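Q: One structure follows; several queries about it will come next.
The values are calculated or read from the model by the stated rules, or taken from the named source; none is laboratory data. Not measured: the values here are computed from a predicted model. Glycine also receives a Cβ, built like all others from the backbone with ideal geometry; neighbour counts cover every protein chain displayed.
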């Protein structure tokens, strides 16, 4: 996970369209333009509210970005 800071208006369009970034958790109101840019690279995008009563207090906000995979390794006797 990377936490990046900078000017939102400059960074978000680049992050949304960049193919090496797999997911974005964005604060504020959803922006359809960012959603369309992210769709080209099949990026996961989630929007979070920063209101004090709705702010995530645990790490369950990360669940949509985590993949669980099963790996089977056959063993012969």
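Q: What are the residue pairs meeting all of these: first residue in the stretch 64-76, first residue touching a residue at least 12 places away in the same chain (Cβ under 8 Å), second residue assigned to a loop (DSSP other than H, G, I, E, B), Cβ atoms under 9 Å, and 6 or more apart or on different chains?
A: Within 9 Å, the pairs are 65/1; 65/22.
Q: Still on this structure: Looking at the stretch 30-77, which of its residues are at pLDDT 80 or above and loosely packed, with under 10 Cβ neighbours inside 10 Å?
A: Hits for the stretch 30-77 are 32, 42.
Q: Quick check on my filter: what residues within the stretch 5-29 are loosely packed, with under 10 Cβ neighbours inside 10 Å and either touching a helix residue (DSSP H, G or I) at 6+ places or on another chain (Cβ under 7 Å) or in a helix (DSSP H, G or I) (or both)?
A: If the condition is that a residue be loosely packed, with under 10 Cβ neighbours inside 10 Å and either touching a helix residue (DSSP H, G or I) at 6+ places or on another chain (Cβ under 7 Å) or in a helix (DSSP H, G or I) (or both), then 9, 10 are the ones that fit.
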